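A short write-up of the structure that comes next.
The values are calculated or read from the model by the stated rules, or taken from the named source; none is laboratory data. Keep in mind the model is a prediction, meaning the values are calculated, not measured. Counting neighbours? That spans all protein chains shown, and the Cβs are built from the backbone with ideal geometry, glycine included.
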């Protein structure tokens with residue numbers, strides 16, 4: 001087994017602290033990865049604080065992983081030592097259900113998440129990317145192009161694919177008017193992708209100080225969502241709105257902006273339910289409220305290739321692992337533009 005060092009939470013109220021554990025020996029189709037960078041996702045905080053009610057401790061978070069292949073199992077065909085690779089939110093699935101067969105592993109009824117998930121190999125739980133190495137089956141490892149900034153690529157493994165997947169599913173492209181609600185870790189990626197796909201992009205925010213940044217990222221216009229007059233000017237005009245906000249709020253203000261057959265897609269997961277939307281807002285224009293998770297492995301690789309072609313990465317702030325607890329507090333205050341990424345070389349500094 002491979003000795004590993006990471007940072008773990010031991011209870012839902014305790015800070016993350018150094019933690020030693022072991023990774024499994026290589027199975028024939030396994031890839032052993034030296035982790036270079038790991039993004040910090042808001043869902044890491046939800047999990048560590050048990051806000052979704054499924055936390056198991058000790059917990060090593062992290063599912064936005066970029067690293068280099070150290071070694072491979074005897075049956076690995078897709079990777080070799082020295083390759084630059086990524087690992088996202090999944091490290092396993094049943095591989096046999098209709099969802100898995102259609103390359104939609106994220107909707108498998110038996111997923112193995114990168115952390116805080118029952119590990120079928122060890123009998124314990126999976127440990128994530130706030131650590132120095134990881135062992136993953138090759139099916140769940142992704143190729144990263146040489147032209148991408150590696151640290152800024154890490155958040156693509158969750159924030160990137162979470163926003164790219166619904167844009168693909170609802171076939172967003174040139175000629176569409178697309179709204180993005182919220183300019184955080186998810187929202188800033190949604191703006192970049194929708195712009196690259198040729199859509200007219202409108203950013204909704206409660207913060208006037210985000211207007212300039214939204215336009216820099218690719219938004220054609222910005223609406224202050226607390227201003228009823230600004231909102232009303234866009235009534236009945238959107239083909240698709242991607243709502244990235246992870247806090248409960250009234251959805252009616254956004255469904256009213258959709259055209260007939262338009263869709264409001266939710267990707268933020270609040271710890272409390274949204275208020276119930278008005279049924280009339282939906283049925284009189286055949287509008288839809290939908291949800292979307294991450295993407296499957298095939299689509300995630302397509303997203304990474306799209307990013308390499310269009311030179312798209314996340315806007316990040318790099319931190320050493322020793323600052324992770326401070327970073328969590330700053331995420332909760334929206335004090336980051338737009339994603340923290342941990343430099344795992346800092347683990348060697350103690």
Item to check | residue 271 being touching a residue at least 60 places away in the same chain (Cβ under 8 Å), surrounded by fewer than 21 Cβ atoms within 10 Å (Cβ to Cβ) and not in a helix (DSSP H, G or I) | outcome: yes
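Let me confirm something: among 342, 241, which residue is in contact with a strand residue (DSSP E or B) (Cβ under 7 Å, 6 or more places away or on another chain), outside any helix (DSSP H, G or I) and over 20 Å from residue 191 (Cα atoms)?
Numbers: 241 fails: over 20 Å from residue 191 (Cα atoms).
Among 342, 241, only 342 is in contact with a strand residue (DSSP E or B) (Cβ under 7 Å, 6 or more places away or on another chain), outside any helix (DSSP H, G or I) and over 20 Å from residue 191 (Cα atoms).
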Checklist entry - Residues of region 291-347 being without any contact (Cβ under 8 Å) to a residue 12 or more places away in the chain and closer than 20 Å to residue 33 by Cα, which ones? => result none
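Within region 52-91, track down each residue that is at positive phi and in contact with a strand residue (DSSP E or B) (Cβ under 8 Å, 6 or more places away or on another chain). Give the steps one after another, and end with the answer.
Of the residues in region 52-91, the ones at positive phi are 53, 62, 82.
Answer for region 52-91, where residues must be at positive phi and in contact with a strand residue (DSSP E or B) (Cβ under 8 Å, 6 or more places away or on another chain): 62, 82.
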Checklist entry - Is it the case that region 12-21 has a residue that's over 24 Å from residue 155 (Cα atoms) and not in a loop (DSSP other than H, G, I, E, B)? => result yes
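Sort through 107, 127 and tell me the only one that's within 25 Å of residue 189 (Cα to Cα) and modelled with pLDDT of 95 or more. So that I can check it myself, show each step before the final result.
Values: 127 fails: within 25 Å of residue 189 (Cα to Cα).
Step by step, each of 107, 127 is checked, and only 107 is within 25 Å of residue 189 (Cα to Cα) and modelled with pLDDT of 95 or more.
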Item to check | Single residue of region 235-245 satisfying the filter (out of contact with any helix residue (DSSP H, G or I) (no Cβ under 6 Å at 6 or more places or on another chain) and crowded, with 18+ Cβ neighbours inside 10 Å) that is farthest from residue 208 (Cα to Cα) | outcome: 239
Next on the checklist: Can you report the number of residues in region 194-230 which are touching a residue at least 12 places away in the same chain (Cβ under 8 Å), part of a helix (DSSP H, G or I) and exposed (fewer than 15 other Cβ atoms within 10 Å of the Cβ)?
Outcome noted: 1
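Can you tell me which residue in region 272-310 is modelled with the lowest pLDDT, limited to those that are more than 18 Å from the chain's Cα centre (by Cα) and more than 29 Å from residue 259 (Cβ to Cβ)?
Restricting attention to region 272-310, the residues satisfying the condition of being more than 18 Å from the chain's Cα centre (by Cα) are 272-289, 309-310.
Still in the running and more than 29 Å from residue 259 (Cβ to Cβ): 272, 309.
Values: 272: 86, 309: 97.
So, considering only residues that are more than 18 Å from the chain's Cα centre (by Cα) and more than 29 Å from residue 259 (Cβ to Cβ), the one modelled with the lowest pLDDT is 272.
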Next on the checklist: If a residue must be buried (at least 24 other Cβ atoms within 10 Å of the Cβ) and part of a helix (DSSP H, G or I), how many such residues does region 168-190 contain?
Outcome noted: 6
Checklist outcome for this item: Expected single match for out of contact with any strand residue (DSSP E or B) (no Cβ under 7 Å at 6 or more places or on another chain) and buried (at least 20 other Cβ atoms within 10 Å of the Cβ) among 280, 295, 262 is 295
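Kindly provide the set of residues from region 145-164 that are buried (at least 24 other Cβ atoms within 10 Å of the Cβ) and either in contact with a helix residue (DSSP H, G or I) (Cβ under 9 Å, 6 or more places away or on another chain) or in a loop (DSSP other than H, G, I, E, B) (or both), ordered by number.
Here is the first cut: in region 145-164, the ones buried (at least 24 other Cβ atoms within 10 Å of the Cβ) are 153-164.
Passing the criteria: 153, 155, 156, 157, 158, 159, 160, 161, 162, 163, 164.
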Checklist outcome for this item: Within region 299-336, the residues that are under 14 Å from residue 192 (Cα atoms) and surrounded by fewer than 17 Cβ atoms within 10 Å (Cβ to Cβ) are 309, 310, 311
Next on the checklist: Looking at the structure I just gave you, is residue 60 touching a helix residue (DSSP H, G or I) at 6+ places or on another chain (Cβ under 8 Å) and modelled with pLDDT of 95 or more?
Outcome noted: no
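Okay, residues lined up against (1) within 15 Å of the chain's Cα centre (by Cα); (2) under 18 Å from residue 300 (Cα atoms); (3) outside the structural domain of residue 236 (by TED's automatic domain parsing):
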site	(1), (2), (3)
92	no, yes, yes
97	no, no, yes
111	no, yes, yes
124	no, no, yes
178	no, no, no
Checklist entry - Do you know which of the residues in region 330-339 that are part of a helix (DSSP H, G or I) and in contact with a helix residue (DSSP H, G or I) (Cβ under 8 Å, 6 or more places away or on another chain) is nearest to residue 152 (Cα to Cα)? => result 331
